[in-house]
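Accompanying notes for the structure given below.
The values are calculated or read from the model by the stated rules, or taken from the named source; none is laboratory data. Because the structure is a prediction, the values reported are computed rather than measured. Cβ sites come from the backbone with ideal geometry, for glycine too, and all protein chains shown count toward neighbours. For the accessible areas, the whole protein counts, side chains as well, though only heavy atoms, and no ligand, DNA or RNA atoms are used. Shrake-Rupley method; radii C 1.70, N 1.55, O 1.52, S 1.80 Å.
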Amino acid sequence: MTENTTKIVLIDDHKLFREGVRRILDFEPSFEVVAEGDDGDGASDVVRTYKPDVVLMDINMPKMNGVQATADLARQFPDTSIIILSIHDDENYVTRALKTGAQGYLLKEMDSDALIEAIKIVREGGSYLHPKITHNLIEEYRRLASGASSDPSLRDENGIYEYKPLHLLTRRECEVLQLLTDGKSNRAVAEGLYISEKTVKNHVSSILQKMNVSDRTQAVVTAIRKGWVNVSES
């Protein structure tokens with residue numbers, strides 16, 4: 001194991017699924033699965049022992065489900081990133097999972113490239129949603145926007161419907177929020193805007209406070225739903 005190795009814990013009650021995921025991860029030289037678990041009930045002990053960078057957490061397990069386990073881990077180990085693995089693409093499941101502190105949400109129908117990309121992104125401090133989840137949020141946004149755009153009270157002084165949250169965030173914070181939506185880490189945001197990582201962290205803290213959310217993933221989901229950012233369906 002090298003200093004740049006991403007240590008991963010895999011928690012899922014289906015042994016065959018764990019074996020399949022592990023085979024995928026074993027092909028990535030910078031990844032190492034350091035431990036596995038079959039229930040959220042013992043997740044805290046596993047993370048405390050192995051100190052992983054990323055936990056892949058099944059959402060449905062018999063004793064303690066992934067949402068409850070994620071809440072415990074996020075509270076006890078804030079430096080460990082958590083990606084939820086789920087068969088559910090319903091927005092309620094996604095919202096519940098992200099509110100507990102997960103940095104990513106993947107459907108189990110994912111391909112290997114999506115899994116590897118998600119781990120790398122959250123390892124660098126970014127957020128990742130399965131493309132199908134993002135698509136659903138975009139469709140919901142379009143549905144809401146089609147009605148909202150006809151409301152005169154939501155137009156600016158020039159009669160143009162304003163999607164950006166300039167009533168709430170500064171223009172620089174809007175730029176940061178857009179880059180967070182693009183899945184950028186703090187380092188990538190800093191490089192893209194030619195500012196320091198410390199300044200990015202300050203902007204992110206301000207965004208979370210103004211949007212009344214607890215983490216950047218919730219901020220991204222809220223921004224997509226409200227149409228505050230540009231999104232891609234790719």
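Of the helices (runs of 4 or more DSSP H) entirely within segment 6-88, those holding at least 2 residues that are open to solvent by less than 30 Å² (accessible area, probe 1.4 Å), within 15 Å of Lys108 (Cα to Cα) and in contact with a helix residue (DSSP H, G or I) (Cβ under 8 Å, 6 or more places away or on another chain) occupy 15-26.
Within segment 62-96, being out of contact with any Gly (no Cβ under 7 Å at 6 or more places or on another chain), within 18 Å of Leu10 (Cβ to Cβ) and among the aliphatic types (A, V, I, L, M) holds for Val67, Leu73, Leu85, Ile87. Of all the numbered requirements in (1) open to solvent by less than 30 Å² (accessible area, probe 1.4 Å); (2) modelled with pLDDT of 75 or more; (3) in a loop (DSSP other than H, G, I, E, B), Pro165 misses one, and that requirement is (2). Considering the conditions (1) open to solvent by 30 Å² or more (accessible area, probe 1.4 Å); (2) under 23 Å from Glu91 (Cα atoms); (3) among the β-branched types (Val, Ile, Thr); (4) at pLDDT 90 or above, Ile121 is excluded by exactly one of them, (4).
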